[in-house]
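Here's the structure we're looking at; comments come further down.
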Amino acid sequence: MQEVKLQFSQNTDFRTKEAFKTLRSNIEFCGDNVKVIAVTSCTPHEGKSSVTMEMAKAFAEAGNRTLLIDADMRKSVLVGRYKTIGVKYGLSHCLVGKYKYTDVMCQTNIPHLYMIFSGPVPPNPSELLGSDKFSGMLNVLKNPFSYVIIDTPPLGSVIDAAIVAKICDGTVLVVENNAVSYRFVQKVKEQLDKSGSRILGVVLNKVDMNSKGYYGNYGKYYGKYYGKYYGRYGTEGKIPDKEQPDAIEIKSTKKNEIAGGLF
């Protein structure tokens, strides 16, 4: 087993911690049979990976032995974002048969939190995630861990998340406020429904809590994001600098909060 130290850019503020504790509690109330949870979004840059990490931390801090699997093998951000050093092996190594899952697993500096990073980008991520090897691995990991949380690519871009959700106990959808439309979210939900996944709920992310009626403009950028990213995720080159967004984090400022938890 590998060992890594996760480095966070800043301490999470009290309001954000409480929001993720609420999210954790709502998932716990979904039932004891909900142990393997997929997390996805509609488009890139909605804060999905940050939410996944904070949710996994919340479970671990409550004393639950938790495993976070980075299944976004096309464009993973977790290694770079949390400045991990010494990660040699990842999920793709395991799924192609080079290493066992015990070899690619990492023990982190957060008590009770373990991780499997994505590893090198494979040529066939969808096929690997849909393989018997991956589903068999998840069935085995249910026993030593209280929760297995899987960060998947945005479902509005590629089908990987639906493939993973099919073999999970439930799915959480992260939606950025004022970034995608109601219609687009419904399309993503329909895709999850077709996979047979149980949708546990939605996290509305990056809400300006000081703004009046912050649900009012939901859906402004449907055309922009749908046309720009659909079918290109993980296959395009680097986004030009003028379009490259800053790293998405859940900040301590009041203008960047999660709202509503699961609903």
**Study point:** Selection from the range 96-121 of residues that are touching a residue at least 40 places away in the same chain (Cβ under 8 Å), closer than 18 Å to LEU138 by Cβ and over 17 Å from the mean Cα position of the chain (by Cα)
**Key:** TYR101, THR102, ASP103, VAL104, MET105, CYS106
Check your understanding: Can you name every residue in the range 1-35 that is modelled with pLDDT under 90, basic (Lys, Arg) and not in a helix (DSSP H, G or I)?
Key -> LYS5
Review point. When only residues in the range 37-75 that are surrounded by fewer than 24 Cβ atoms within 10 Å (Cβ to Cβ) and among the basic types (Lys, Arg) count, which is farthest from LYS17 (Cα to Cα)?
Key: ARG74
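Which residue is modelled with the lowest pLDDT, if the candidates are limited to the range 50-69 and must be of a type in the set (Ser, Thr, Tyr) and out of contact with any Ser or Thr (no Cβ under 7 Å at 6 or more places or on another chain)?
Of everything passing the filter in the range 50-69, SER50 is modelled with the lowest pLDDT.
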Check your understanding: Out of all the residues in the range 178-192, is one or more within 26 Å of GLN2 (Cα to Cα) and either crowded, with 22+ Cβ neighbours inside 10 Å or among the small types (Gly, Ala, Ser) (or both)?
Key -> no
Review point. Do the conditions hold for LYS133, that is, is it farther than 14 Å from ASP151 by Cβ and modelled with pLDDT of 90 or more?
Key: yes
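Would you pick out the residues in the range 122-174 that are of a type in the set (Gly, Ala, Ser) and in contact (Cβ under 8 Å) with a residue 60 or more places away in the chain? Break it down stepwise before answering.
Narrowing the range 122-174 to residues of a type in the set (Gly, Ala, Ser): 126, 130-131, 135-136, 146, 156-157, 161-162, 165, 170.
If the condition is that a residue be of a type in the set (Gly, Ala, Ser) and in contact (Cβ under 8 Å) with a residue 60 or more places away in the chain, then SER146, GLY156, SER157, ALA161, ALA165, GLY170 are the ones that fit.
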Review point. Out of all the residues in the range 1-16, which are within 28 Å of ASN143 (Cα to Cα) and more than 17 Å from the chain's Cα centre (by Cα)?
Key: MET1, GLN2, GLU3, VAL4, LYS5
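The values are calculated or read from the model by the stated rules, or taken from the named source; none is laboratory data. None of the values given here were measured: they were computed from a predicted structure. No Cβ is skipped: glycine too gets one built from the backbone with ideal geometry, and neighbour counts run over all protein chains shown.
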